[in-house]
Every structure is written in C-alpha cells, then in structure tokens.
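Shown next, in structure tokens, is the structure this report addresses.
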Amino acid sequence: MKSENSKARRVRAVISQVVFYVLLALIVLAAVFLVVRGRQSRPTFMFGRTFLWVETGSMKPTIDERSYVLVKEADGSPVEVGDVIVFPCPDPESPIYGSL
C-alpha cells in the first residue's frame, strides 16, 4: 500500500509539471504571436488585449520609447482624463498613416 501511494504521488507530480509547462508554453507563444502581429499594420486582440511597440518618445515620461505595452481594447466610452490611449492615424499624408 505504501508503494502504491508513492507511485500515485509521483504520477500526480509528473502530470502537474507537464500541465504547468504546457500552459507556460501556450502563454509564451500567445505573447510572441501578439508582439509579432502588433508590429504589423493592425494589432490582433486576444481576449480584448494585445501588445504594442512604442517606437518613439512621444509618450514620455509615462512610457519610454522602444517599449512594449499591454493594451486593452475599448470603444472610447470608459476613457477618462489621465488614461493613456492609442489609435490608428487617420491622416494619409502622415508617415505613420494606418499604424498605431
């Protein structure tokens, strides 16, 4: 009986480690996917969030240039004074037209 309990404990430990590492790998893959997609023309939101790359110092001192930020998708209604927002540039004459 003692050996059965130790075997069961070892099996549970191995299963929990496998589950942990599989979930960790999925989280890392999702983050990499969002970062890569965020550097393209339009970001891909998963669960209402995405990563974006801040290229310039235009958001200093709050956010430094060459930083990644986690962005929450919003329709504009919950935005309050002091919130940091990003949006696509609508001016076709701008060198950053269509980017965020």
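Could you give every pair whose Cβ atoms fall below 8 Å, whose first residue belongs to the range 1-23 and is in a helix (DSSP H, G or I), and whose second residue is open to solvent by less than 80 Å² (accessible area, probe 1.4 Å), counting only separations of at least 6 or pairs across chains?
As it stands, the answer is none, since no pair meets every condition given.
Would a scan of the range 83-91 turn up a residue that is loosely packed, with under 10 Cβ neighbours inside 10 Å and at pLDDT 85 or above?
Within the range 83-91 (the criterion being loosely packed, with under 10 Cβ neighbours inside 10 Å and at pLDDT 85 or above), the answer is no, since none of the residues qualifies.
Yes or no, residue by residue, for (1) modelled with pLDDT of 85 or more; (2) surrounded by 12 or more Cβ atoms within 10 Å (Cβ to Cβ):
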site: 10; (1), (2): yes, no
site: 28; (1), (2): yes, no
site: 35; (1), (2): no, yes
site: 73; (1), (2): no, no
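Pick from 3, 77, 99, 16: which is small (Gly, Ala, Ser), more than 19 Å from the chain's Cα centre (by Cα) and at pLDDT below 75?
Numbers: 77 fails: at pLDDT below 75; 99 fails: more than 19 Å from the chain's Cα centre (by Cα); 16 fails: at pLDDT below 75.
Exactly one of 3, 77, 99, 16 is small (Gly, Ala, Ser), more than 19 Å from the chain's Cα centre (by Cα) and at pLDDT below 75, namely 3.
The values are calculated or read from the model by the stated rules, or taken from the named source; none is laboratory data. Keep in mind that this is a model prediction, so the values were computed, not measured. A quick note on method: Cβ atoms are made from the backbone with ideal geometry, for glycine too, and the neighbour counts reach across all protein chains shown. For accessibility, only protein heavy atoms count, side chains too; no ligands or nucleic acids. Shrake-Rupley method; radii C 1.70, N 1.55, O 1.52, S 1.80 Å.
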